[in-house]
Each structure stands twice: as structure tokens, then as C-alpha cells.
1. Take the conditions out of contact with any strand residue (DSSP E or B) (no Cβ under 7 Å at 6 or more places or on another chain), part of a helix (DSSP H, G or I), more than 16 Å from the ligand (Cβ to nearest atom) and closer than 30 Å to Leu202 by Cα and apply them to Leu177. Does it pass?
2. Could you say whether any residue in region 298-318 is surrounded by fewer than 20 Cβ atoms within 10 Å (Cβ to Cβ), part of a loop (DSSP other than H, G, I, E, B), acidic (Asp, Glu) and in the same structural domain as Asp368 (by TED's automatic domain parsing)?
3. Run down Lys345, Lys338, Lys280 and say which single residue is farther than 21 Å from Val364 by Cα, out of contact with any Lys or Arg (no Cβ under 9 Å at 6 or more places or on another chain) and in contact (Cβ under 8 Å) with a residue 12 or more places away in the chain.
4. So for region 264-272 (the condition being surrounded by fewer than 16 Cβ atoms within 10 Å (Cβ to Cβ), assigned to a loop (DSSP other than H, G, I, E, B) and away from the ligand (no atom under 16 Å from the Cβ)), does at least one residue qualify?
5. Applying the selection to region 4-34, what residues are part of a helix (DSSP H, G or I) and either surrounded by fewer than 19 Cβ atoms within 10 Å (Cβ to Cβ) or of a type in the set (D, E, K, R) (or both)?
6. Would you point out the residue of region 157-203, among those that are surrounded by fewer than 23 Cβ atoms within 10 Å (Cβ to Cβ) and charged (D, E, K, R), that is farthest from Phe136 (Cα to Cα)?
7. How many of the residues making up region 111-128 are within 14 Å of the ligand (Cβ to nearest atom) and more than 30 Å from Gly77 (Cα to Cα)?
8. Tally time: how many residues in region 266-314 are of a type in the set (Gly, Ala, Ser), under 22 Å from the mean Cα position of the chain (by Cα) and closer than 16 Å to Ser330 by Cα?
Amino acid sequence: MNGFLKTSQLPYCKGCGHDLIAKKSAEALEKLEYAPLDVIVVTDIGCHGIIDKCLNTHTVHGLHGRSVALGAGISFGIENPGKKVLVFIGDGGSTIGLQHIMEAARLNLNMSVVVHNNMLYGMTGGQTSGLTPRGFCTTTSADGNPFAGYDICELAHTAGAAYSSRIMGVGDISGELTEAFSVEGFSLTEIMEICPSYGVKLNPRRKLAEIVESSGRKTGVWKNERTGFVLEQGKKCNDLMEELKEVENDFPARLKGNLSLVLSGSAGEGIQSAATLLAKAAMRSGCHVTQKGSYPVTVGVGFSTAEVNISTEPINFHGIGVPDVAIITSEDGLTHSKKRIEGMKGGMLFLDDSLDAPSTGAEVIKRDFRSVGARSACLYAVFYFAMHTKLVDTEAIFMTIEESGMAAKMPLDKIKEKIQA
Ligand code: SF4
């Protein structure tokens, strides 16, 4: 055990090659003189991934096949060259997320990927993966896989990886791993192993070396003479947080406690932007706010619903079941939010004149919201809500619109006229 591992008792089945890989990877990192917190290990779904809890490094556990994409994001964000991004992935994850590997290799991102290739999905019961060799028996190819597996090293090499290697997962592989982890740019090391729980049982009398050899795969190293990725080569990445303007707290607080709102209408009718304007106006009065949008995947048709929580206290849960206030400006919105409205035991329902109010315990307030045009109906309704309840300052909404630069696109004079009538 060294400083990278908390224990030498790793949580794998007896004889599993993942044990060797984890320990030898730790040795390689130590040889390269990384401190544990200089290393970010991203693991994938699979037995190898349960190593997280045994590591003293930073760890991120990814979705199946997405660990290389996560590692790529971390690699993009790291400015300190003394850090190491190391991705552990299985043969199943490698083929689920093959495109991520190809892109990371193509860009030659500064990261090392270790493919734990035991030739099947171990964690889920021994199924065939994209790297299972022809003839290898799994629980889903009992007579032997009829197809050849991908050559992951060749794919990474062809895509442009600075370094690709295939090694057998036996003996002291720390030297090979040290070489791979010291590469400037993208390195992928495929380590061949056999899962004792499924691979050995389903392929009795077969030895790892013979299986690899008969699959036509050779151990070795393949290199592309390239320098590692530098950010300036790629698309300029802006810091989106820096572009966000701080919302000034320039209006007195009006709300006491919490208020939850659901704004619902039709796609393309400005529901989300009206909700954002309301949320920002509330922030101007010193409130905490959350906003969440919901709409079909076909974003241009159907309903569009926004949920806004406003509170004088920090908001720890942003879900809204039954809201305090519902603002409904179209049939689509009413259909989508009907059940919630029916569940309201009090509060207020602001409803367009064209719609029939469902059965509800809320006070129903009907107005001609759509008279200012469908695209501004929700904005008018938000102003009307603010004016009617006095919980949010209408001036704060107007100022937020002015600052957003959207004023010219909105019928503000008409809305002002309407709410003052
Ligand atoms: S099921 Fe197979 S891959 Fe998973 S820990 Fe056990 S031996 Fe290793």
C-alpha cells in the first residue's frame, strides 16, 4: 500500500485483475512523484469503479461510458500542469463511450485512460462487450462471440492518441503504467485480464495469453509524435460565470417568507423568459430565487412551464408540487398544469380570459393576458401578478427588462396601460 491507496484489501473477487491494475497504477503515480491530491481519478460504471472509496486521490464516478468525457472536461479546466487526470474504464464502458475516447485521442488531451479489458461486462453478469474477442464465451454468447472485438488501441492510435499500449495484466506492470502516465497528451493503455467469476467459468481450460493471441491482438506500444493539447488550439472557452452580471439589490423587500409559482403556457410564448425576469426582479429585492423550466423535447411545440421559488431565506429544495400561485396563459399550459391547479387549496390562479378555470381552491383572477400578443401574454401576466399582489415591485421588473436589452422587442407601453387600467 502507498499513499494513493487507503488499503491493500481491495473490494474485488479473489483473483480479479482489477486488483493488480489499481495497485500498480498507484505505484506508477508514486514513481512519477505525484501527490495523491494532484491526481483526479475518474472511474466508470463497472467492477473497476468500486475502487473510488479506496483512493486518497480526488475521485469522480461517471455514468456508464462517460468517464472519458468527464476526464476531458477536467483536463480542459486544469490550469496547473502538475495535475494528473487518470480515467479508469472497463471494456464495456469503452465501447459505450467509444466516441469520447476517439475525441479525446483526436484532440490529444492531457489525460491517461486505463482500459480494464476482461472481455465482458463483469458487474452486470458476464455479458459480451464490444471488446470481447471472437470465440470468447460470455453469458450472452454461450457458444463464443461470433464477432471480432474492436481493437481499442488501433482506434485510439488512428484517432491521434500520443500513446496507445496493450499489456497483459500479470506481473509487475508498474513500469508500463509509469511510461503511459508520463505521456504528454493522450495515453490509452488496454490491460488484458480475465474475470474469474465469469470469464474463467465460461471459458474453462483457456488461458489469458492464448485468448489474446488467438484474437489477433498483440501487446505493444503505438505512438503519434504530437504535443499535448493546449487550450488556445481549440475553441475559445469563455468563462460563462464571468459573463454573468451580479443582480443589484436595489429594491426593498416586499415578500415575507416563501412563495412558489408555476407559470405555464405554450412553447415559443416567452414563458421561460418571463419567469427569469420575475426571478431577477425578486432578487433585486434581496430575495433568494430558484427557477426551473420544463417543456417537451420538441421545444417549439406544446407546453412550456416554469417553476419559480422566491424566498427571504435560502432555498434548500427547489421542487414545487402544488404552487402558491399559478399563472396560465394558454390551453397547452392549462392542460399541463391542471392537476396542480386542482390541488391548490388556496393561493391565486391568474388565468387568461379565453380559458375555463378548472376546479380549484385558489382565487381565480381572469384577465385578457393574450390581448398584448401571444408572445407577451406571460410577461403581462407576471406584471399583473406583481401589481395585484405587491409581492414583487413592478418597477424592478421594468428595470430588469431595460438592463436585459429586450425592451424594444416587448409591448411594454401596452402592458403598462393594461396594468394601470
Ligand atoms: S465480477 Fe469479475 S470483474 Fe467483477 S470483481 Fe469479480 S472477478 Fe472482477
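The values are calculated or read from the model by the stated rules, or taken from the named source; none is laboratory data. Not measured: the values here are computed from a predicted model. Neighbour counts are summed over all protein chains in view; Cβ atoms, including those assigned to glycine, are modelled from backbone coordinates with ideal geometry.
1. Numbers: out of contact with any strand residue (DSSP E or B) (no Cβ under 7 Å at 6 or more places or on another chain): no; part of a helix (DSSP H, G or I): yes; more than 16 Å from the ligand (Cβ to nearest atom): yes; closer than 30 Å to Leu202 by Cα: yes.
No: the conditions fail for Leu177.
2. Filtering region 298-318 down to residues surrounded by fewer than 20 Cβ atoms within 10 Å (Cβ to Cβ) leaves 298-302, 311-318.
When the remaining residues are screened for being part of a loop (DSSP other than H, G, I, E, B), the result is 298-302, 312-318.
Then drop every residue that is not acidic (Asp, Glu), which leaves 313.
Going one step further and asking which of them are in the same structural domain as Asp368 (by TED's automatic domain parsing), we end up with 313.
Within region 298-318 (the criterion being surrounded by fewer than 20 Cβ atoms within 10 Å (Cβ to Cβ), part of a loop (DSSP other than H, G, I, E, B), acidic (Asp, Glu) and in the same structural domain as Asp368 (by TED's automatic domain parsing)), the answer is yes, since at least one residue qualifies.
3. Working: Lys345 fails: farther than 21 Å from Val364 by Cα; Lys338 fails: farther than 21 Å from Val364 by Cα.
Among Lys345, Lys338, Lys280, only Lys280 is farther than 21 Å from Val364 by Cα, out of contact with any Lys or Arg (no Cβ under 9 Å at 6 or more places or on another chain) and in contact (Cβ under 8 Å) with a residue 12 or more places away in the chain.
4. Checked against the condition, which is being surrounded by fewer than 16 Cβ atoms within 10 Å (Cβ to Cβ), assigned to a loop (DSSP other than H, G, I, E, B) and away from the ligand (no atom under 16 Å from the Cβ), region 264-272 yields at least one hit.
5. At the first step, the residues of region 4-34 found to be part of a helix (DSSP H, G or I) are 17-31.
Hits for region 4-34 are Asp19, Lys23, Lys24, Glu27, Glu30, Lys31.
6. Glu184
7. Residues flagged as within 14 Å of the ligand (Cβ to nearest atom) and more than 30 Å from Gly77 (Cα to Cα) within region 111-128 amount to 10.
8. Kept after step one, since they are of a type in the set (Gly, Ala, Ser), are these residues of region 266-314: 266-268, 270, 273-275, 279, 281-282, 285-286, 293-294, 300, 302, 304, 306, 311.
Remaining after also requiring under 22 Å from the mean Cα position of the chain (by Cα): 293-294, 306.
Right, trim to closer than 16 Å to Ser330 by Cα and you get 294, 306.
Adding up the residues that qualify gives 2.
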